[in-house]
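Visitor: Have a look at the structure that comes next, please.
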Amino acid sequence: MLPGMSEPSLDPGRGPPPAPPTFQIAATGGGGGSAALAGDLRAALAAGWARVPAPVRDRWPLLLVPLALGLCLLWWHEPTVRLAPGMLVGEEPRQAPADPADPAAAPRVRGTLTIRPLARYELEARVLSKERYRRGPEARLSPYDLALGWRVMSDQAWLDAMSIDQGGRWFHVRPKADWIDEDSVLNNAANTHILPADDGVLATLHRVRRGDVVDLRGWLVAVVDEATGWRWQSSLSRTDRGGHSCEVMWLEAITITTARFAR
C-alpha cells in the first residue's frame, strides 16, 4: 500500500486554488457532442493536474517504484496452508507398469509431441512447494512443478524444521534442525513435473497451495518431440537422486483433500 499524502498548505499570497472545472453531457445527434465531451474531459484533467503541487508532479515516477514492488510481491507470494503436526499421508505412491494392451495406455499426441505412458501412477501427498514455469521446451506441456511429500514429509513438524523451494525444475531442501536426515527426506518426497491432461485439471492446479494435501491420478510418461528429437522421460523410482530423478506425470485427475485433515 502506498503511503498517503497530505494536502499541501495554501500559500496566503496566492489565495485559494481555483474551483474544479465543470462540464455537462448533452444528448446530441452527431459526432460533435462526443468531440466536445472529449475536449471537456481533456480540459478537466489538465486543470486537475495543474493543481497538483510541483514537487509531487516532478517526483510522480518515483511513486511507481513501491507500486511495482507491491505488485511483484502480490504476484510472487505463495499462499501457505499450515496443518496440525502429525503424519498425514502414511502411504507411498502407487505405481504399476503400463499395459500395452490397455487402451488407456495409448500414446497421446500434441502437435509434434508424443507422450507415451510408462506406468500408472497414483498418490496422495502434501504439497511441499509449487513452482510456475513459462519458458523452456518443458513449459509447453508442464506449466507447474509440485514438490510432493508423504509419510514424514507430510508432517508439519518436519516441514517446520526445513526450508523448501524450487527453481530451474529442481527441488531444494535445507534442514534447519540436526535431527533431519537426508534419506528420510528424499525417500519420501519427489519433485513432480505436472502435465495437465485438460483445462479442468489445469484450473484445479491453479488453486493448489503450498501445504495442501492433494490426490493425484495419472501416468508417468516419456515425451518425445518428433520434429526435433527432444526427449523428457520420467523416473520410475522414488529413491534415485540427482538429474533425471524427477517424475514426469501426465495428470488426469486431481482433488484437493486438505479439508479432511483440518482440525
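The values are calculated or read from the model by the stated rules, or taken from the named source; none is laboratory data. In this text the structure is predicted, and so the values were computed from the model without any measurement. Heads up, the Cβs are rebuilt from the backbone with ideal geometry, glycines too, and the neighbour counts pull from every protein chain shown.
Visitor: Please state which one of LEU195, LEU205 is within 21 Å of THR114 (Cβ to Cβ), of a type outside the set (Gly, Ala, Ser), modelled with pLDDT of 95 or more and assigned by TED's automatic domain parsing to the domain that holds SER234.
Guide: Of the residues listed, the single one that is within 21 Å of THR114 (Cβ to Cβ), of a type outside the set (Gly, Ala, Ser), modelled with pLDDT of 95 or more and assigned by TED's automatic domain parsing to the domain that holds SER234 is LEU195.
Visitor: Which condition from (1) over 26 Å from the mean Cα position of the chain (by Cα); (2) under 21 Å from ARG217 (Cα atoms) is the one that ASP183 breaks?
Guide: Status for ASP183: all satisfied but (2).
Visitor: Next up: With the structure loaded, tell me whether ILE194 is touching a Phe, Trp or Tyr at 6+ places or on another chain (Cβ under 9 Å), part of a loop (DSSP other than H, G, I, E, B) and either free of Cβ contacts under 8 Å to residues at least 60 places away in the same chain or aliphatic (A, V, I, L, M) (or both) or whether it fails that test.
Guide: no
Visitor: Looking for whichever is among the β-branched types (Val, Ile, Thr) and either more than 26 Å from the chain's Cα centre (by Cα) or at pLDDT 95 or above (or both) here; the options are VAL81, VAL52, VAL65. Which one fits?
Guide: Only one candidate passes the filter, namely VAL52.
Visitor: Now a separate question. Out of all the residues in the stretch 105-119, which are assigned to a strand (DSSP E or B) and among the aliphatic types (A, V, I, L, M)?
Guide: Listed by number, the residues that qualify are VAL109, LEU113, ILE115, LEU118, ALA119.
Visitor: Ok, one more. So if I check each of ARG217, ARG241, ARG231, ARG209, which one is basic (Lys, Arg) and out of contact with any strand residue (DSSP E or B) (no Cβ under 9 Å at 6 or more places or on another chain)?
Guide: Exactly one residue qualifies, and that residue is ARG241.
Visitor: Taking the stated definitions as given, is ARG231 in the same structural domain as HIS172 (by TED's automatic domain parsing), touching a residue at least 12 places away in the same chain (Cβ under 8 Å) and surrounded by fewer than 18 Cβ atoms within 10 Å (Cβ to Cβ)?
Guide: no
Visitor: Go through the stretch 120-171 and report how many residues are small (Gly, Ala, Ser), outside any helix (DSSP H, G or I) and crowded, with 19+ Cβ neighbours inside 10 Å.
Guide: Qualifying residue count for the region: 5.
Residues are listed down the side, and each one gets a yes or a no for (1) surrounded by fewer than 19 Cβ atoms within 10 Å (Cβ to Cβ); (2) outside the structural domain of PHE171 (by TED's automatic domain parsing); (3) within 20 Å of SER154 (Cβ to Cβ):
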site: ARG217; (1), (2), (3): yes, no, yes
site: VAL224; (1), (2), (3): yes, no, no
site: LEU236; (1), (2), (3): yes, no, no
site: VAL248; (1), (2), (3): no, no, no
